[in-house]
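This report refers to the structure that appears directly beneath it.
The values are calculated or read from the model by the stated rules, or taken from the named source; none is laboratory data. Quick caveat: nothing in here was measured; it's all calculated off a predicted structure. All Cβ positions, glycine included, derive from the backbone under ideal geometry; neighbour counts span all protein chains shown. SASA here: full protein model, heavy atoms, side chains in, ligands and nucleic acids out. Shrake-Rupley method; radii C 1.70, N 1.55, O 1.52, S 1.80 Å.
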Amino acid sequence: MRCLAALACAVMATAWAGSAPQFASAKPVWPKGRETEKNLFVGFRAVFKTNVPGRFTLRATGATDYRAFVNGEFLGHGPARGPHGYFRVDEWDITDRLRPGENVIAFEVAGYNVNSYALLDQPSFLEAEVVGGDGRVVASTGGKGAPFAATLLSQRVQKVQRYSFQRPFSEVYRLTPDCDAWRKDPSAKIAALKLDVLPDRKLLPRGVAYPEYVRRQPAWVVARGEVKAGIKVEHPWKDRSLTAIGPKLGGYPEAELETIPSLELQGVANSTNLPLNQSWAGGPLSFQSNSWAILDLGCNLTGFPGATVTCHSPTRLFLTFDEVLSGGDVDFKRLGCVNIVAFDLQPGTYELESFEPYTMRYLKLLVLAGDCDIRSPYLREFAGAGVDQAHFAASDERLNRLFAAGRETFRQNALDIFMDCPSRERAGWLCDSYFTARVAKDLCGDTRIEHIVFENFLLPERFAHLPDGMLPMCYPADHNDGVFIPNWALWFVLQLDEYLARSGDRATVDALRPRVLRLLDYFKKFRNEDGLLEKLDGWVFVEWSDSNRFVQDVNYPSNMLYARALEAAGKLYDMPELVRQAEKLRDTIRYQAYDGSFFIDNAVRVNGKLQPTTNRTEVCQYFAFYFDVAGPETHSELWQRLLKDFGPQRKQTKAYPDVHPANAFIGNVLRLELLSRYGVCQQLLDESLAYQLYMADRTGTLWENDGAYASCDHGFASHGGVHLLFRDVLGLKDVDTVNKSVQVRFTDSQLDWCEGRMPTPDGPIQLRWRKEGGKRVYQVTAPARYSIKVINRSALQAEQH
């Protein structure tokens, strides 16, 4: 049966993928015999003349990462990520970037060849071509037209440490003047390498919009000063990405590294610090040896830091960065990754820009040797496009700041997939995506990125290193260590259920049926005599709190989630037996886990008998209500207790100290969802501000946790800054673009007015309301053929007009 299911999945996946893009002539190429070499940086260049009028298209894909240039000007970074064995194709109209006579198309390609959560470990290649409007191939790799020649870009040091456990290599450069001439000057000479033409790759369309690459300059100069270097550190910080290199984590062992900036900079400390807090004036900053300056971008941003640097003597320049200041300084290791880009520069002028994207509000320019001037520092954004179609504003300015932070957080985490964070990981985590996908529909009006998320999970024949039937906790990613989160696979089913309602894409849901049923088959072997999951394998994860200490032997929050996944699968695939199993499971949990005051988190097996513990967490209560194990009618005392004694104020009151507090991910999110579900919306508004406004005000983005000790820019958190505001403050409770209906719900909000606009494929939906003379006056507009229904009308509401 499993072989037949796998075959069915493969057949449906092939049919569903549709018409794949094709190259007219190009072939995948790479320097001969080096396609699996780690951290190889290769330049590809084609020089051609454009004497024929018409449109010109540059088409490309590759592995692992590239950035493209036309006549020395940055064009784009890519490719978009696809699943194992498939590669997404970028297509750019470059007509307006070409000039009469000779033109240069150049690619810098990093072939990483290591496993990570952000990029797949697949042999390196580039496949690219320029095609005219008449279909003539002007240039290509391994095909017609002008050839792409390749050269080794040894200025990027190859044997360096990883950036993080979750991402490949950090960046260290040794540059000389005109090192970038090859990519802009047709007459520049290169040391060409012999290329292998590699087997054809399976191709997919990009499928999503291209990023925004706006260059953002600093807002403030925070401080300047000098440093003392060479300080001895007894126990330097060494991340696992440095110490754990081996069969399960690709990279170069510490003993083989040419340089280790993360260790060197731990021996550097500020010796003087002159706080400036001056607005950025745009002039050059001059540096001598052992000097520094901290720039403030004004908001957390993600992209490629750069600057024009003129060196008057050999210079060692380090760009370090972070999302927050730690003790008034930039701590490059706060996030558990190497937030450093290092340059050794010979005298001359350089246009510097990082190859990989990073996240920062604060950028520290540190010169340990030399004499240089730094002009026009910037960050070239790498963020999702199209979010400005949506609009929200309210009489409470705090909500407007929260919305701005939510939108900013989303756009940095939604490019080709939904990411957890754009910094340390850049990974497509399940569960996170359940919440981010809702925001995507609100801000962008479509499900394009979510479609790609499910396509990525659909197309691979199998997921290496994982048990049969299990889904990766994040993908596209390599999980060589075999780690998986069984709970996250269950969130996949829940998101698929919501995706069908958002998109009407029955074909995708049906194509994923074998994958979903194999997942449910995987869980069957863990069901005990009561039908509960017991002693789950893998990393059993409830949320970032003490709840993760109570996951064995029977974890009730996991079983509550399991019941909801069974129900969702049953409804998706017309399998009523799964729905019945889900309800029976809920009955069992109610009987075993409720102690009369709270739901306990787990039970353990003692002498063959399951024994309840006294472990109780706040998030367990939210799981119970969110997944319909409990409700205000069935557990009214508990619900009133949660309403009055829990929430953000509990940090001060310390109520119920034996119930371990929840965290931002995902307990606080579920709490706000419950307040919405049961119509307690003014409290929801107040609590959402208490949970997230301080984040918005500090970084302009929303965080992974309730403190700044991890990512301060996390995709799921945009749910509180966007989706809740549209649904529970503005009143657009449900916008159904499949069935063409809008449901408006006005709540007990104390605001004086609110307005908003939400895009749809059929045109925008707009709602505005204000209070006048004890009534709510409102106006709602929607595209033609949309029905509008207003619910929960009260004395405060006037007739629609």
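Say we look at region 781-801 and pick out the residues that are at pLDDT 85 or above and of a type in the set (S, T, N, Q); which of these is surrounded by the most Cβ atoms within 10 Å (Cβ to Cβ)?
So, considering only residues that are at pLDDT 85 or above and of a type in the set (S, T, N, Q), the one surrounded by the most Cβ atoms within 10 Å (Cβ to Cβ) is THR781.
Which one is farthest from PRO147 (Cα to Cα), of the residues in region 31-70 that are open to solvent by less than 20 Å² (accessible area, probe 1.4 Å) and assigned to a loop (DSSP other than H, G, I, E, B)?
Going through the qualifying residues, I end up with ASN39.
Going by what's in this entry, would ASP574 be described as of a type in the set (Asp, Glu) and in contact with a helix residue (DSSP H, G or I) (Cβ under 9 Å, 6 or more places away or on another chain)?
So ASP574 does not fit the description; no.
Filter region 485-530 for residues that are touching a Lys or Arg at 6+ places or on another chain (Cβ under 8 Å) and either without any contact (Cβ under 8 Å) to a residue 12 or more places away in the chain or in a loop (DSSP other than H, G, I, E, B) (or both) and give the result.
PHE526
Output the residues belonging to region 86-143 that are touching a residue at least 40 places away in the same chain (Cβ under 8 Å) and β-branched (Val, Ile, Thr).
Across region 86-143, the qualifying residues are VAL89, THR95, VAL104, ILE105, VAL109, VAL114, VAL130, VAL131, VAL137, VAL138, THR141.
TYR556 - would you say it is in contact (Cβ under 8 Å) with a residue 24 or more places away in the chain, more than 17 Å from VAL493 (Cα to Cα) and of a type outside the set (Lys, Arg)?
yes
For region 81-95, how many residues meet the condition of being more than 27 Å from ASN115 (Cα to Cα) and in a loop (DSSP other than H, G, I, E, B)?
Count: 1.
Name the residue, out of LEU730, LEU725, that is under 28 Å from GLY386 (Cβ atoms), open to solvent by less than 30 Å² (accessible area, probe 1.4 Å), out of contact with any Gly (no Cβ under 7 Å at 6 or more places or on another chain) and of a type outside the set (Phe, Trp, Tyr).
Just a single option satisfies the conditions, and that option is LEU725.
Any idea which of (1) part of a loop (DSSP other than H, G, I, E, B); (2) among the β-branched types (Val, Ile, Thr); (3) under 25 Å from the mean Cα position of the chain (by Cα) is the one VAL722 doesn't satisfy?
VAL722 satisfies every listed condition except (1).
Among the residues of region 435-470, write down those that are of a type outside the set (A, V, I, L, M) and outside any helix (DSSP H, G or I).
Answer for region 435-470, where residues must be of a type outside the set (A, V, I, L, M) and outside any helix (DSSP H, G or I): GLY445, ASP446, THR447, PRO460, GLU461, ARG462, PHE463, HIS465, PRO467, ASP468, GLY469.
Since ALA440 meets every condition but one in (1) buried (at least 24 other Cβ atoms within 10 Å of the Cβ); (2) in contact (Cβ under 8 Å) with a residue 60 or more places away in the chain; (3) touching a helix residue (DSSP H, G or I) at 6+ places or on another chain (Cβ under 9 Å), which condition does it not meet?
(2)
For region 246-315, which fully contained strands (runs of 3 or more DSSP E) count at least 2 residues that are at pLDDT 95 or above, under 30 Å from ALA414 (Cβ atoms) and touching a helix residue (DSSP H, G or I) at 6+ places or on another chain (Cβ under 6 Å)?
Fully inside region 246-315 and qualifying: 291-311.
With respect to ALA708, is the statement that it is at pLDDT 95 or above and either at negative phi or open to solvent by 20 Å² or more (accessible area, probe 1.4 Å) (or both) true?
So ALA708 does not fit the description; no.
Hey, could you check region 8-30 for residues that are of a type in the set (S, T, N, Q) and either part of a helix (DSSP H, G or I) or at pLDDT 95 or above (or both) and say which is most open to solvent (accessible area, probe 1.4 Å)?
Checked region 8-30; the qualifying residue most open to solvent (accessible area, probe 1.4 Å) is THR14.
Please verify whether THR701 is open to solvent by less than 10 Å² (accessible area, probe 1.4 Å), under 30 Å from LYS333 (Cβ atoms) and either in contact with a helix residue (DSSP H, G or I) (Cβ under 9 Å, 6 or more places away or on another chain) or not hydrophobic (A, V, I, L, M, F, W, C) (or both), treating the condition exactly as stated.
The answer is yes for THR701.
Scan region 619-629 and give yes if some residue there is of a type in the set (Asp, Glu) and on the phi < 0 side of the Ramachandran plot, otherwise no.
Checked region 619-629: no residue is of a type in the set (Asp, Glu) and on the phi < 0 side of the Ramachandran plot.
Just give me the residues in region 519-545 being under 25 Å from the mean Cα position of the chain (by Cα) and of a type outside the set (Ser, Thr, Tyr), in sequence order.
Answer for region 519-545, where residues must be under 25 Å from the mean Cα position of the chain (by Cα) and of a type outside the set (Ser, Thr, Tyr): LEU519, GLY538, TRP539, VAL540, PHE541, VAL542, GLU543, TRP544.
How many residues are within 14 Å of THR617 (Cβ to Cβ) and either more than 25 Å from the chain's Cα centre (by Cα) or open to solvent by 10 Å² or more (accessible area, probe 1.4 Å) (or both) if we restrict to region 546-566?
The total comes to 9.
Restricting attention to region 657-682, which residues are out of contact with any strand residue (DSSP E or B) (no Cβ under 9 Å at 6 or more places or on another chain) and either among the acidic types (Asp, Glu) or open to solvent by 50 Å² or more (accessible area, probe 1.4 Å) (or both)?
PRO657, GLU673, ARG677, TYR678
Identify, from the list LEU352, LEU366, the residue that is closer than 24 Å to LEU274 by Cβ, over 23 Å from the mean Cα position of the chain (by Cα) and assigned to a strand (DSSP E or B).
LEU366
Regarding GLU381, is this residue of a type in the set (Asp, Glu) and open to solvent by 10 Å² or more (accessible area, probe 1.4 Å)?
The answer is no for GLU381.
Could you tell me which of the residues ALA181, ALA229, ALA209 is free of Cβ contacts under 8 Å to residues at least 24 places away in the same chain and small (Gly, Ala, Ser)?
Residue meeting the stated conditions: ALA181.
Can you name every residue in region 401-431 that is open to solvent by less than 10 Å² (accessible area, probe 1.4 Å) and not in a loop (DSSP other than H, G, I, E, B)?
LEU402, PHE403, ALA405, GLY406, THR409, PHE410, GLN412, ASN413, ALA414, PHE418
Going by the conditions given, is ALA110 open to solvent by less than 10 Å² (accessible area, probe 1.4 Å), in contact with a strand residue (DSSP E or B) (Cβ under 6 Å, 6 or more places away or on another chain), part of a loop (DSSP other than H, G, I, E, B) and under 30 Å from LEU458 (Cβ atoms)?
no
Quick check, is VAL367 in contact with a Ser or Thr (Cβ under 9 Å, 6 or more places away or on another chain) and among the β-branched types (Val, Ile, Thr)?
yes
Exactly one condition in (1) free of Cβ contacts under 8 Å to residues at least 40 places away in the same chain; (2) under 30 Å from CYS337 (Cα atoms); (3) not in a helix (DSSP H, G or I) is false for THR701; which is it?
The single condition THR701 does not satisfy is (1).
Going through ARG174, ARG156 one at a time, which residue ends up being farther than 23 Å from GLY33 by Cα and of a type in the set (Lys, Arg)?
From the options ARG174, ARG156, the qualifying one is ARG174.
Give just the number: which of (1) touching a Lys or Arg at 6+ places or on another chain (Cβ under 7 Å); (2) at pLDDT 95 or above does ALA5 not satisfy?
(2)
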